[in-house]
Amino acid sequence: MAIYITDECINCGACEPECPNNAIYEPGVEWRMADGTTIDSDYTLHDGTTVDALEDNPPVDEEVYYIVPDKCTECVGFHEEPQCAAVCPVDCCLPDPNHEESEEVLAARQATLHA
């Protein structure tokens, strides 16, 4: 599963620098696949949409920090546990039931994002 940030987030920002994939963004900030990855061309998201890795995409959330599911690997390939959840002072970084994925899928994504 990817991780998501609940609306209980206090916007402290502790999670953002911990993400090895740069998948976490401030509220209202646009995101790019290229941020923190080696992706530099078109990339197909899990929903089949293709995005230019270098172009900005609309924010996922305007109110609280958010995680781009297509960039989240739950820290597979980097750490034993999701680092955002480990440092969150209010425990609002949780497994996303809308993006259930096996460890194999997460490892493959990590390899693709950091080829």
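The values are calculated or read from the model by the stated rules, or taken from the named source; none is laboratory data. No experiment lies behind these values; they were computed from the predicted model shown. Backbone-built Cβ (ideal geometry, glycine too); neighbour counts: all protein chains shown.
Taking the stated definitions as given, is residue 74 part of a loop (DSSP other than H, G, I, E, B), out of contact with any helix residue (DSSP H, G or I) (no Cβ under 7 Å at 6 or more places or on another chain) and at pLDDT 95 or above?
So residue 74 does not fit the description; no.
I need the full set of residues from region 52-72 which are touching a residue at least 24 places away in the same chain (Cβ under 8 Å) and among the charged types (D, E, K, R), in order please.
56, 61, 62, 63, 70, 71, listed by residue number.
Which of the residues that make up region 59-115 are among the hydrophobic types (A, V, I, L, M, F, W, C) and either more than 26 Å from residue 12 (Cα to Cα) or in contact with a Lys or Arg (Cβ under 6 Å, 6 or more places away or on another chain) (or both)?
105, 106, 107, 108, 111, 113, 115
Do we have residue 111 as out of contact with any Gly (no Cβ under 6 Å at 6 or more places or on another chain), of a type in the set (A, V, I, L, M, F, W, C) and at pLDDT below 95 here?
Spelling it out, it is not the case that residue 111 is out of contact with any Gly (no Cβ under 6 Å at 6 or more places or on another chain), of a type in the set (A, V, I, L, M, F, W, C) and at pLDDT below 95.
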